[in-house]
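The values are calculated or read from the model by the stated rules, or taken from the named source; none is laboratory data. This structure is a prediction, so every number in the text was calculated from the model and none was measured. With ideal geometry, Cβ positions are generated from the backbone for all residues, glycine too; neighbour counts draw on all protein chains shown.
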Amino acid sequence: MKEQLSTFIIVREDRGLDPTTLVAQGLKIGRASGRDLLLNHPDVSRLHAGIKEIEGRFYLFNLSSSNSTTLNGRVVALEEADALASGDEIRIGPFFLAVERKADALQITVTLQFGLRIGEAEARGETLPARSVARKAATPAPKEVARALDLFWGKRTREKAVRASPLHPRRPPRLGKLGTPVAVCPLSLVGIGVGSLIDRRGVLVHVRLLPCSHLKRAHPHES
């Protein structure tokens, strides 16, 4: 089946450039050269996110497991589709992407703001109000989501990434990345609990609380 072509209007206010129009099957956003929307910053992944039109509606896909993507202040789940509407605001690193529907096209206006990490606004209760309350929740069919992910990642690359291989075992995430276990062991702690927090870079981090017996080396004077 031939992929649908969509029209994207990119307004780079962060660079002071004239608007450009891109006709493509989908919009790839990231730090690597060659991306349709290049956002050059260390807090932006090489392939960070994508936008794809499915049955007349544009959807945002978060493609980064190490750096957060938010839509109207809410963290977007990895590789899931979130419907976009006029007035929505996407946050990727220090970049803000304002979304407006222009007839059959999607206009994205990019601005840059330093000093505010992802998660700080949410912690202060400053999340954006839901601008799309009146619109119905829309979720594309699983096969459409899979086709969009194949488009962004490349089908062979995505299949290789999910294929188990004893020669290439998956390593745990690096410190500060999503899913990093952080051991906390007060002497009175018993049992194991799970929680989450936001680190200094605004990245969501899972916390695993370990019983003291697992950390005896950390308490050499414990009897």
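Key figures for this structure:
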read-out	value
Residue check for Glu55: closer than 21 Å to Ala148 by Cα and out of contact with any strand residue (DSSP E or B) (no Cβ under 7 Å at 6 or more places or on another chain)	yes
Extreme residue, surrounded by the most Cβ atoms within 10 Å (Cβ to Cβ), among residues of the range 73-92 that are part of a strand (DSSP E or B) and more than 8 Å from the chain's Cα centre (by Cα)	Ala81
Among (1) in a strand (DSSP E or B); (2) in contact (Cβ under 8 Å) with a residue 24 or more places away in the chain; (3) under 21 Å from Gly154 (Cα atoms), the one test that Val23 misses	(2)
Pairs where the first residue, in the range 26-53, is more than 20 Å from Glu100 (Cα to Cα) and the second is at pLDDT below 95 and basic (Lys, Arg), C-beta under 8 Å, 6+ apart	Asp43/Arg201
Those residues of the range 39-72 which are of a type in the set (Lys, Arg) and either on the phi > 0 side of the Ramachandran plot or part of a strand (DSSP E or B) (or both), in sequence order	Lys52, Arg57
The range 29-38, subset surrounded by fewer than 23 Cβ atoms within 10 Å (Cβ to Cβ) and modelled with pLDDT of 95 or more, residue nearest to Gln4 (Cα to Cα)	Asp36
Enumeration of residues in the range 1-20 that are within 21 Å of Arg147 (Cα to Cα) and in a strand (DSSP E or B)	Ser6, Thr7, Phe8
